[in-house]
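Student: I'd like to ask some things about the structure below.
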């Protein structure tokens, strides 16, 4: 499992050649192309950056510099981020607040003394090279909209504010109603990337939570989802009791290969819907189209390795039925035949007989334990309401497995 730089294609091919040269063809029955599995976290990272910074994400990062005390350099940096639309204004506003202890104190004072909040929060500062830090910043700012809208006019009319800072605040930091609206839509799309990143990469989730500077940050709610925390989710149990579930359960199987294709389906569906919703917003629509194209490119590359499809089908909660219900008809052409071919090829490699003794067949309804998952992520892993668990006369265990209903995900 490697990231998506082309050097890794060369590395996999070279490793294959080494195996063949040393041990012969039987040692490497799987081709380099089929061995090339791509890191889903890296794909999510690239796509999220496209959503934030359009096609020039890498160039935008290269031009981003750390703020200095030089006024001209500060102005250039604010102008640079202003080009990124509403997210650029949010970045500038957060940078402005964090520029001095006095500004931070004034912002927290509004929360505590004016709004009478039980605690104050400073918005998360982003790192241009890490999209998830931008999402955290965006989530904070949306949750802090009320104190921000009180802070801005007070700051502009303050007798102590520098003339250049005042102009900078007005030109590069003040959000219009349209900016707030775009930010809300952007947050909704990015949340799907955030959720999948944390679910499928527990190490990333753990590191992000450890980086949170205090317990208040760790228990920040997701904007628009009052029952969900940014690093934890509240889920309903069978008794309708709300419980808090960590994104990074060490026993979770959410990062396994079987979830990759359904995760692609989930995000591409969200982006397809967004493309139709925001046709009048040319900049935002461009970002969505670029993100969709990047995700679709990597989705198509998954066809080069049969491992993605086979691992999903071999999970009794997913099986071929998931793809029959969610894929277009043309994508399913010869799918069953291909699967049969894959199984036969694999069985010949490992010298396994597919024909099973009738007394030792394991039916799907005999498998009553699986890893747990929450109610949102892994919704594709579900049992079927109708169908049959009986073998229907099939002689092969493979046929019995595919024809049976999916089992419940406990």
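Student: Would you kindly state how much longer the chain becomes between residue 327 and residue 133 on full extension, computed as 0.36 nm times their sequence separation minus their alpha carbon distance, in nm to one decimal? If you can, show how the numbers build up before the last one.
Tutor: Details: separation 194, 0.36 × 194 = 69.84 nm, distance 3.34 nm.
Here the segment from residue 327 to residue 133 would lengthen by 66.5 nm.
Student: Assuming R0 = 51 Å, can you tell me the calculated FRET efficiency for the pair residue 71 and residue 34, based on Cβ-Cβ distance, to the nearest 0.05? Kindly include the intermediate steps, with their values, before the conclusion.
Tutor: Details: r = 57 Å, r/R0 = 1.11.
Efficiency computed from Cβ-Cβ geometry: 0.35.
Student: Something else: Run the simple label-point estimate for residue 17 and residue 105 please: 7 Å along Cα→C-beta, distance reported in nm.
Tutor: So the label points at residue 17 and residue 105 sit 6.6 nm apart.
Student: Okay, next question. Evaluate E = 1/(1 + (r/R0)^6) for residue 340 and residue 227, where r is the Cβ-Cβ distance and R0 equals 56 Å; express this FRET efficiency to the nearest 0.05. It would help to have the intermediate numbers written out before the result.
Tutor: On the way: r = 45 Å, r/R0 = 0.81.
FRET efficiency, residue 340 to residue 227: 0.80.
Student: Next up: Roughly speaking, what is the stretch gain from residue 3 to residue 293, that is 0.36 nm per residue apart minus the C-alpha to C-alpha distance, in nm to one decimal?
Tutor: Values: separation 290, 0.36 × 290 = 104.40 nm, distance 1.81 nm.
Value of the extension gain: 102.6 nm.
Student: Cα-Cα pairs above 13 Å in the stretch 91-161: how many percent? Before the final figure, lay out each step's value.
Tutor: On the way: 1616 of 2485 pairs.
The share of Cα pairs beyond 13 Å in the stretch 91-161 comes to 65 percent.
Student: What is the extension gain from residue 283 to residue 158, computed as 0.36 nm multiplied by their sequence separation minus the C-alpha to C-alpha distance, in nm to one decimal? Numbers along the way, then the final one.
Tutor: Working: separation 125, 0.36 × 125 = 45.00 nm, distance 3.45 nm.
Gain on extension, residue 283 to residue 158, equals 41.6 nm.
Values quoted throughout were computed directly from the atomic coordinates according to the rules given, and no laboratory measurement underlies them. As the structure is a computational prediction, the values presented were derived from the model and not from experiment. In this analysis, Cβ positions are derived from the backbone assuming ideal geometry, glycine residues included, and neighbour counts consider all displayed protein chains.
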